[in-house]
Amino acid sequence: MISFDHVSMRYPDGFEALKDVNFELKDGEMVFLTGPSGAGKSTLLKLITMIERPASGQILFDGLNLNRVSNKHIYKIRREIGVVYQNHRLLFDKNVFENVALPLRVIGTNVKDISRRVRASISKVGLAGKERKFPKNLSSGEQQRVGIARAVVSRPSLLLADEPTGNLDPQLSEEIMVLFEQFNQVGVSSLIATHDIDLLDRRKKRELRLSKGTLVSESK
Amino acid sequence: MNQNRAEKKSGFLLRTRLLVSGHFDDLKKTAAELITNPLNSTLSLLLIAVSIALPSIFLTLTTNFMSGLDRIDESPKINVYLREEVSIEEGMTVTRGLLEHPQVSEATFISADEALKEFQEGSNLSGILIALDENPLPHVVEVVPSSLDPLDVSNLVMSIELYDQVQEASINLRWLERLFAISLILKRLVFVLALILFLGVILVIAHTIGVAIQFKRQEIELMLLIGATHGFVKRPFRYLGFWYGFGGGLLAAVITELSVSSLSASVEALAQSYRSSYALDSGGIVGILAIIVVGVFLGVVGASIGVSRHVKEIQN
């Protein structure tokens, strides 16, 4: 699905965020990306969504070398990826339904399919009946669920999450993780960045640990 | 991914229909935004409207001024004096020949006798002429040129003078030249004014769109992150520009009509004092449509500038 081959990344201010990173995420695999804040987790995810480009090395996405994708065609890559953000990035002037529908509107899905798939996605994350609510009237756990529903509504082949449980208490975090596992069980490859070690320990998933921009360990 | 591939295959017609309905949605939504946010949009709309209306009013007045000049009785005529020995029949032939000339719109033959009669009726000098033994006046052809451009007119005069039967062709070119120069200045003035104000309109719309984009920055960032094309993100703002231009143009047409019709009454009164009937012509439906088209054009151009500048800032 994803493979990093000697990837380094330096920001314009000279900060070297990633140094010679090598790893592979296989189709249908669920992998946790850990490490203290500032270790390069977010940068690594940004390279996959092409918000940033590597200084050297290459990234393959489904066999496609991302270095060869021009800025004009980045949108095609992003349509294959669902992203969950720590601050969920919901639009507060739109209700739950409209927020979840955004990725489908972007690809031009027709109204009937949008309605069907958005409802399915919302009920999958356990928010059925709250379609007309606005994000500010939801709890933070529910807001994050809306973010997840939005990330999966277009049935992406890859799900990325950047500290998805960062703002949640342990019980809510556990519920969110269960959701990710459910999506993974139906074949969605997932890469989840987190510093919540407890959540990891309870699961037998591969872990990629970053420290100061370097991949320090890979564990099963 | 399979899903997306299936969508790609889902047929040209369907995609076109989706595209059209998407555009239509944006058109409706942006219009609704303008209407539901009257405070934000009114000031911009008024500014746009006044900027378009001003040159429109001037243009209306100058075209009326110039068409008014055309209607003045003393429109420039070339007096073609025929040689003494030319007979009336020959003179008529020359007149018919002149009528065929592409630069001549009218040619009237005036025989020496007619000219004399006219002169006697029109002046106090008839006594002098009676004292003369014979009619000293030649046959004359009065020629009205089809173009008022002094260069065309003097070319016409020269070509007429080449006729064997013609003694002399004369016209008072100086007032024509002045008139022409004045109308040229007026035209230029309107052009320059329009250029400056239209540039202003474009900048106002670009700025207004820029503010709208800043206001929706979060949404645009998110849209780009979930795979929206730049075209998709820019589209609603282009339509917003379209509506600003359309609304501004419509308002400008109303302002122009009102101003011209309010001026019209006093112009008519003035014309009547010269025993002439003359009414301002505001250009009617064609004029209104032209103003709206200009507005829409400026709106679309302004929006493109605003959109490409501000979306570039956001990127990613």
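No lab work stands behind these numbers, since they all come straight from the coordinates. Not measured: the values here are computed from a predicted model. Ideal geometry is used to build each Cβ from the backbone, glycine not excepted, and the neighbour counts take in all protein chains shown.
Where q = 0.13, 0.19, 0.25, 0.29 Å⁻¹, what log10 of I(q)/I(0) comes from the Debye formula for the stretch A:91-155, counting one point per Cα?
The Cα Debye sum returns log10 ratios of -0.28, -0.59, -1.03, -1.35.
Farthest toward the dipole's positive end in the stretch A:91-155, which of A:100, A:120, A:137, given Cβ charges of +1 (Lys, Arg) and -1 (Asp, Glu) about the Cα centre?
Final value for the positive-end residue is A:120.
Work out, in µm²/s and without decimals, the Stokes-Einstein translational diffusion coefficient of the stretch B:145-209 at 10 °C, 1.306 mPa s, Rh from Kirkwood over C-alpha pairs. All intermediate terms of the calculation are to be shown ahead of the outcome.
Details: Rh = 15.1 Å.
This corresponds to a translational diffusion coefficient of 105 µm²/s.
Quick one: divide the alpha-carbon radius of gyration of the stretch B:150-255 by 2.2 N^0.38 Å and tell me what you get.
2.13
Over the stretch B:78-171, what is the mean sequence separation of C-alpha contacts under 8 Å (at least six apart), divided by residue count, expressed as relative contact order in percent?
Values: 132 pairs, mean separation 44.8, N = 94.
RCO, the stretch B:78-171: 48 percent.
To one decimal place, what orientation-averaged projected area in nm² is obtained for the convex hull of the Cα set of the protein assembly as shown? Don't skip to the end; give the middle numbers.
Values: hull surface 150.6 nm².
Seen from a random direction, the Cα hull of the protein assembly as shown projects 37.7 nm² on average.
At most 13 other Cβ atoms within 10 Å and a DSSP loop assignment: could you name the chymotrypsin sites (Phe, Trp or Tyr not before Pro) in the stretch A:1-98 that fit? Mind showing how you got there, number by number?
Values: sites: A:4, A:15, A:23, A:32, A:61, A:75, A:85, A:92, A:97; in loops: A:15, A:85, A:92.
The qualifying sites are A:15, A:92.
Among A:35, A:164, A:153, flag the residue with its Cα farthest along the positive direction of the charge dipole of chain A, charges on Cβ as +1 for Lys/Arg and -1 for Asp/Glu.
The Cα lying farthest towards the positive end belongs to A:153.
If you bin every alpha carbon distance in the stretch A:44-103 into 5 Å steps from zero, what whole percent lands in each bin?
Percent of pairs per bin, in order: 4, 15, 25, 20, 13, 12, 7, 4, 0.
If the cut-off is 21 Å between C-alpha atoms, which lysines fall inside it for residue B:28, apart from same-chain ones fewer than 8 positions away?
Within reach: A:94, A:112, B:216, B:234.
Compute the whole-percent fraction of alpha carbon pairs in the stretch A:155-220 spaced more than 21 Å apart. Don't skip to the end; give the middle numbers.
Numbers: 517 of 2145 pairs.
Every Cα pair in the stretch A:155-220 considered, those over 21 Å come to 24 percent.
Taking the Cα-to-Cβ direction at residue A:92 and at residue A:218 and moving 7 Å from each Cα, how far apart do the two end points lie in nm?
Placing both labels 7 Å along Cα→Cβ, they lie 4.3 nm apart.
Percent relative contact order of chain A, based on C-alpha pairs within less than 8 angstrom and at least six residues apart? Could you put the intermediate results ahead of the total?
On the way: 412 pairs, mean separation 66.6, N = 220.
30 percent.
To the nearest 500 deg cm²/dmol, what mean residue ellipticity at 222 nm is calculated for the protein assembly as shown from DSSP H runs of n ≥ 4 alone, each contributing -39,500 (n - 2.57), summed and divided by the residues? Spell out each step's value before the answer.
Values: 18 runs with 309 residues, N = 536.
Rounded to the nearest 500, it is -19500 deg cm²/dmol.
Based on Cβ point charges of +1 for Lys and Arg and -1 for Asp and Glu, what charge dipole magnitude is obtained for the stretch A:91-155 about its Cα centre, in debye rounded to the nearest 20? Show your work: numbers first, answer last.
Details: 14 positive and 5 negative charges, 33 e Å.
Dipole magnitude for the stretch A:91-155 comes out near 160 debye.
Set the Förster radius R0 to 22 Å, insert the Cβ-Cβ distance between residue B:187 and residue B:254 as r into 1/(1 + (r/R0)^6), and round the FRET efficiency to 0.05. Could the numbers behind the result be given before it?
Working: r = 25 Å, r/R0 = 1.14.
So the FRET efficiency works out to roughly 0.30.
Considering only DSSP states other than H, G, I, E and B, which trypsin sites (Lys or Arg not before Pro) in the stretch A:24-129 qualify as loop sites with at most 14 other Cβ atoms within 10 Å?
Passing both the DSSP loop test and the Cβ count: A:26.
Label 7 Å along Cα→Cβ of residue A:27; the stretch A:142-184 residues with amide nitrogen under 12 Å?
Taking a point 7 Å out along Cα→Cβ of residue A:27, no residue of the stretch A:142-184 has its backbone N under 12 Å.
Take the alpha carbon atoms of the stretch A:62-89, find their center, do the same for the stretch B:229-253, and report the distance between the two centers in whole angstrom.
30 Å
What full-extension length gain, to one decimal in nm, is calculated for residue B:267 and residue B:103 as 0.36 nm per residue of separation minus the Cα-Cα distance? Before the final figure, lay out the partial values.
Working: separation 164, 0.36 × 164 = 59.04 nm, distance 3.23 nm.
Full extension of this stretch gives 55.8 nm more.
Just from the alpha-carbon atoms, what are the Rg and Dmax of the stretch A:1-149 in angstroms?
Rg, Dmax (Cα atoms, Å): 17.6, 49.
Report the dimensions of the stretch B:78-171 along its three principal axes from the alpha-carbon atoms, largest first, rounded to Å.
Principal-axis extents of the stretch B:78-171 (Cα, largest first): 41, 25, 17 Å.
Counting DSSP beta bridges with both partners in chain A, what percentage is antiparallel, nearest 5?
Numbers: 18 of 35 bridges.
Around 50 percent antiparallel, to the nearest 5.
Averaging over every viewing direction, what projected area does the convex hull of the Cα atoms of the stretch B:193-316 cover, in nm²?
Details: hull surface 35.3 nm².
Projected over every direction and averaged, the Cα hull of the stretch B:193-316 covers 8.8 nm².
Which number do you get for Rg(Cα) / (2.2 N^0.38 Å) in the stretch A:14-75?
Values: Rg = 12.3 Å, N = 62, 2.2 N^0.38 = 10.6 Å.
Against the compact-globule rule of thumb, the ratio is 1.16.
If you restrict to DSSP beta bridges whose two residues both lie in the protein assembly as shown, what percentage is antiparallel, to the nearest 5? Don't skip to the end; give the middle numbers.
Numbers: 32 of 49 bridges.
In the protein assembly as shown, DSSP labels about 65 percent of beta bridges as antiparallel.
Below 8 Å, C-alpha to C-alpha, sequence gap of six or more: please give me the relative contact order for the stretch A:91-155 in percent. Intermediate results must be reported in sequence, preceding the final value.
Values: 72 pairs, mean separation 32.5, N = 65.
Relative contact order here is 50 percent.
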